[in-house]
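Engineer: Handing you this structure, nothing more for now.
The values are calculated or read from the model by the stated rules, or taken from the named source; none is laboratory data. Please read these numbers as outputs of a predicted model, since none were measured by experiment. Reconstructed Cβ throughout: ideal geometry from the backbone, glycine too, with neighbour counts over all protein chains shown. Protein only, heavy atoms only, side chains kept; ligands, DNA and RNA dropped before computing areas. Shrake-Rupley method; radii C 1.70, N 1.55, O 1.52, S 1.80 Å.
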Amino acid sequence: MLFVWNTAFSQINDSAKHKDVMITEIFADPNPPVGLPPVEFIELWNSSKHPISLKGWLYNDANSTFKFSDDSIQANEYLIICAKADTTLLKPYGRMIGISPWPSLNNNSDRLTLKTATGYTIDEVDYTDAWYQNALKRNGGWSLELIDPKSLCSGLRNWQASMDSSGGSPGKRNSVYKLFDTLPGLRIAGAWLVDSLTIGIKYNRYTDSLTAVAPQNYSVNNGLGPPVNVNLQPFDLFTVLLKFDRELKRGISYLIKVENVLACNGEVIKPPSNTAELFVPKKISPGDILISEILFNPRATGVDFVELYNPGDQTLDLQELSISNSLVTDPLKPAKRLVNSQLLLNPKEYLVLTSDPDKVKTEYFSKNPDGFFRLAIPAYNNESGTVSIFSGNVLIDQLSYTEKMHHPLIKNADGVSLERANFSKPANHPGNFLSAAASVGFATPAYQNSQTLTEDLTIEEFTLKSPTFSPNDDGFEDRMQISYRLKKPGFVVNLTIFDDRGMVIRKLYKNFLIGAEGEFIWDGRNEASTLVPAGIYLIYAEMFNQEGELKKFRKPIVLAQRLN
């Protein structure tokens, strides 16, 4: 009877198929311990519907091999494999087999193989510590767990660090079991131009590599057709690169369609999630992108920034551009490429390049908080320097600045940017870069410059929102708002409030640098911060610039009070 039983197992053993027994958990780095005993183990799982004999099977890593004796694993059973000396510690977690010698698990990477007595490979796992996908758990105390035993994907796309609070789940279903089944359906998350022959596509989840790299599963309109090859990116497994045998045309949109690509769980991509539109901008020429603003002498808590502007009527791809602090391209000081993938700048939009966007947003108000791009821009000297924008070796725009370009009334220029006043004139045209206005906080990152020249303005304006205001905090006309628009930037204002007897009530602004347009506010209080009585007052503004131009504006206003 015993002989017949062993023969039956021998028959099952000989017919065991690939993945009938799977390595489903690896505890390679048990220290520092989180909750599990600080000893190495692997976990096997019988994915078949029948018992399987392990007699004569071989388990090995890259350096050593263990041969199983007359052992077995039941259908759907989890079996812990550990060093013989560690069985007592792992006994509470389920059935185990202690083996000696134990093929020690390397922390960083190792190849584990399970073979039948005849040498047929049942399962093989070639793991690395990148599979943890978690920097903290990578340091030790957490196991690697298989996500989906039936997944079409392997490696990093089907393993990750355990989510069990103890650090692992030996002897039971993994804590990450079929984790990806909760994700949304497979879709194209983005498409971009890599170069003139290559399109990048990013999926929202991991894909089956066989279907994801099949050229026949992709098509692009406007005569481009299918790609000649498709490559899965090794360091970004969500991304594939489509290489074509003809260049993409400039200034048109392409429709990309994907069919028959599978997610790791076997789900096929479906409309409308299988299409993406890609616009290929025209090639950038000199003057298409302009230097708009530079902060080269930040406050001690700030950082440099350079602002670019698209003055045209077409969306442009900044991927072509690089930035430098040299007058010409210099092999010893190569220009810094802005980005390695598509970065679009729409017409009349601004983009700030800086090493720390958050610092710039903290230092200055911005009407366009999304108009920032993190880039380790070249160092710009506080005294003088050059900002150059290149496309290859072609100079697109260039500014040579000095600290003397700041307004002479600014005693400390730290934290004050230089702004371009006229985009129709060269950057280095005398007087085309001016100190940003004090009224905007001395910089306008990612939105219209305070010193922008209003070229189409025929009549200068100095207007009141309302001739009457009542500073009683009732929410209606509590502040006097005075708007102005000038033909030229770079003016300084002295603004004084007089009463009806000609007495000075308050010097609201004194030698205050303003932009080409803006707004003044009076809250109805005098120099002592006391609310003045109801009555008629006069606003008198004197504006002057470095060229000696003087402008004077007067406006009577009424401060009203509620009658009880």
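Engineer: Summarise the accessible area of region 54-150 (1.4 Å probe, protein heavy atoms) by the percent that is carbon and sulfur. Write down the numbers at each step before the final one.
Structural biologist: On the way: 2200 of 4700 Å².
Whole-percent figure for carbon plus sulfur exposure: 47.
Engineer: If you roll a 1.4 angstrom probe over the protein chains with everything in place, what fraction of the accessible area of region 479-535 belongs to carbon and sulfur, to the nearest %? Walk me through the numbers on the way to the answer.
Structural biologist: Numbers: 1280 of 2770 Å².
Answer for region 479-535 is 46 percent, counting heavy atoms of protein chains only.
Engineer: I want the local charge near S109. Using Cβ-Cβ distances under 13 Å, sum +1 for each Lys or Arg and -1 for each Asp or Glu among the other residues.
Structural biologist: -3
Engineer: Please list 3J(HN,Hα) in residue order for region 94-109, calculated via the Karplus relation 6.51 cos²θ - 1.76 cosθ + 1.60 where θ = phi - 60°; whole Hz, with x for glycine and proline.
Structural biologist: x, 5, 9, 10, x, 10, 8, x, 8, x, 4, 8, 6, 5, 7, 6
Engineer: Let me ask something additional. Compare the Cα positions of Y364, I396, N428 along the charge dipole of region 323-430 (+1 at Cβ of Lys, Arg; -1 at Cβ of Asp, Glu; about the Cα centre) and return the one farthest towards the positive end.
Structural biologist: With unit charges placed on the Cβ atoms, the residue in question is I396.
Engineer: Taking the Cα of S273, stepping 7 Å toward and past its beta carbon, and measuring to each backbone N in region 208-225: which are under 14 Å?
Structural biologist: Counting only backbone N, you get 208.
Engineer: Starting from region 497-536, pick out the GluC sites (Glu not before Pro) whose DSSP state is loop and whose Cβ has at most 11 other Cβ atoms within 10 Å.
Structural biologist: Answer by residue number: E527.
Engineer: Also: Of the listed values (1) 123, 63, 47; (2) 78, 77, 45; (3) 70, 60, 55, identify the label whose number matches Cα extents along the principal axes in Å calculated from this model.
Structural biologist: So the structure-derived entry is (1).
Engineer: So, one more: Can you give the convex hull volume of the alpha carbon atoms of region 90-156 per residue, in Å³? All intermediate terms of the calculation are to be shown ahead of the outcome.
Structural biologist: Numbers: hull volume 9.4 nm³, N = 67.
In region 90-156, the Cα convex hull volume per residue is 140 Å³.
Engineer: Net charge around P347, counting only other residues with Cβ within less than 11 Å of its Cβ (Lys, Arg = +1; Asp, Glu = -1)?
Structural biologist: -2
Engineer: Karplus couplings for region 252-257 from phi (6.51 cos²θ - 1.76 cosθ + 1.60, θ = phi - 60°), rounded to Hz, Gly and Pro as x?
Structural biologist: 10, 9, 10, 9, 9, 10
Engineer: Right, here's the next one. Find how much the distance from F476 to A379 grows on full extension, using 0.36 nm per residue of separation minus their present alpha carbon separation; answer in nm with one decimal.
Structural biologist: 30.0 nm
Engineer: Work out how much length S355 to L409 would gain on full extension: take 0.36 nm times their residue separation and subtract the Cα-Cα distance, in nm to one decimal.
Structural biologist: 16.5 nm
Engineer: Once you put a point 7 Å from the Cα of F66 and another 7 Å from the Cα of T118, both along the Cβ direction, what distance in nm separates them?
Structural biologist: Label-label distance for F66 and T118, simple model: 2.5 nm.
Engineer: Hey, got a sec? Which chymotrypsin sites (Phe, Trp or Tyr not before Pro) in region 41-140 land in a DSSP loop and have at most 15 other Cβ atoms within 10 Å?
Structural biologist: Loop-located and lightly packed - Y120.
Engineer: Please report the antiparallel percentage of DSSP beta bridges with both residues in region 266-377, rounded to the nearest 5.
Structural biologist: Values: 14 of 17 bridges.
Within region 266-377, antiparallel bridges account for around 80 percent of the total.
Engineer: Continuing with the same structure: In percent, how large is the relative contact order of the chain, given Cα pairs closer than 8 Å and 6 or more residues apart?
Structural biologist: Computed over the chain, the figure is 7 percent.
Engineer: Using Cα pairs closer than 8 Å and at least 6 residues apart in sequence, work out the relative contact order for region 150-224, in percent.
Structural biologist: Rounded, it is 22 percent for region 150-224.
Engineer: How large is ³J(HN,Hα), in whole Hz, for each residue of region 356-361 in order, when computed from phi with the Karplus curve 6.51 cos²θ - 1.76 cosθ + 1.60 and θ = phi - 60°, using x for Gly and Pro?
Structural biologist: Residue by residue, region 356-361 yields 8, x, 4, 5, 5, 5 Hz.
Engineer: Sticking with this one: For every other residue with a beta carbon closer than 15 angstrom to the beta carbon of P286, add +1 if it is Lys or Arg and -1 if Asp or Glu, then tell me the sum.
Structural biologist: With Lys, Arg at +1 and Asp, Glu at -1, the net is 0.
Engineer: In region 349-449, what percent of the accessible surface is made up of carbon and sulfur (1.4 Å probe, ligands and nucleic acids excluded)?
Structural biologist: Looking at region 349-449 in its full context, I get 50 percent from C and S.
Engineer: So, one more: In region 50-135, if every C-alpha pair distance is counted and binned at 5 Å from zero, what percent goes to each bin?
Structural biologist: P(r) for region 50-135, in whole percents per bin: 3, 13, 20, 24, 22, 13, 4, 1, 0.
Engineer: For a Förster distance of 25 Å, can you work out the FRET efficiency between the beta-carbons of A560 and R485, rounded to the nearest 0.05?
Structural biologist: 0.40
Engineer: Work out, step by step, the length gained on full extension between T182 and R138: first 0.36 nm times the residue separation, then minus their alpha carbon distance; give nm to one decimal.
Structural biologist: Full extension from T182 to R138 adds 13.4 nm.
Engineer: What's the FRET efficiency of N222 with K367 using the Cβ-Cβ distance as r and R₀ = 51 Å, to the nearest 0.05?
Structural biologist: Working from the Cβ atoms, E equals 0.85.
Engineer: Okay, moving on. Can you return the lysines within cross-link range of K282? Criterion is Cα-Cα under 22 Å, with same-chain partners fewer than 8 residues away left out.
Structural biologist: Filter leaves K243, K249, K336, K348.
Engineer: Turning to a different aspect of this structure: Cut-off under 16 Å on the C-alpha distance; same-chain residues fewer than 8 positions from K67 excluded. Which lysines are left, in chain and number order?
Structural biologist: Straight-distance partners of K67: K55, K84, K115.
Engineer: If I measure Cβ to Cβ between cysteines in the chain, which ones have no partner under 4.7 Å?
Structural biologist: If one checks each Cβ against the other cysteines of the chain, C82 turn up with nothing under 4.7 Å.
Engineer: Which value in deg cm²/dmol, rounded to the nearest 500, describes the helix-derived mean residue ellipticity at 222 nm for the chain, given -39,500 (n - 2.57) per DSSP H run of n ≥ 4 and division by the residue count? Kindly include the intermediate steps, with their values, before the conclusion.
Structural biologist: Details: 4 runs with 29 residues, N = 564.
My calculation for the chain gives -1500 deg cm²/dmol from helical runs alone.
Engineer: Leaving out same-chain residues fewer than 8 places away, which lysines sit with a Cα under 25 Å from that of K178?
Structural biologist: In chain and number order, the partners are K17, K19, K49, K137, K150, K202, K270.
Engineer: What accessible area per residue, rounded to a whole number of Å², is obtained for the chain using a probe radius of 1.4 Å?
Structural biologist: Ligands and nucleic acids excluded, the figure is 48 Å² per residue.
Engineer: Report the residues of region 94-117 in range of a label on Q74: point 7 Å along Cα→C-beta, backbone N strictly under 20 Å from it.
Structural biologist: 94-98
Engineer: Considering only DSSP states other than H, G, I, E and B, which trypsin sites (Lys or Arg not before Pro) in region 399-449 qualify as loop sites with at most 12 other Cβ atoms within 10 Å? Intermediate results must be reported in sequence, preceding the final value.
Structural biologist: Working: sites: K404, K411, R420; in loops: K411.
Filter output for region 399-449: K411.
Engineer: Whole Å is fine, so just give me how far the alpha carbon centre of region 314-379 lies from that of region 108-134.
Structural biologist: 44 Å
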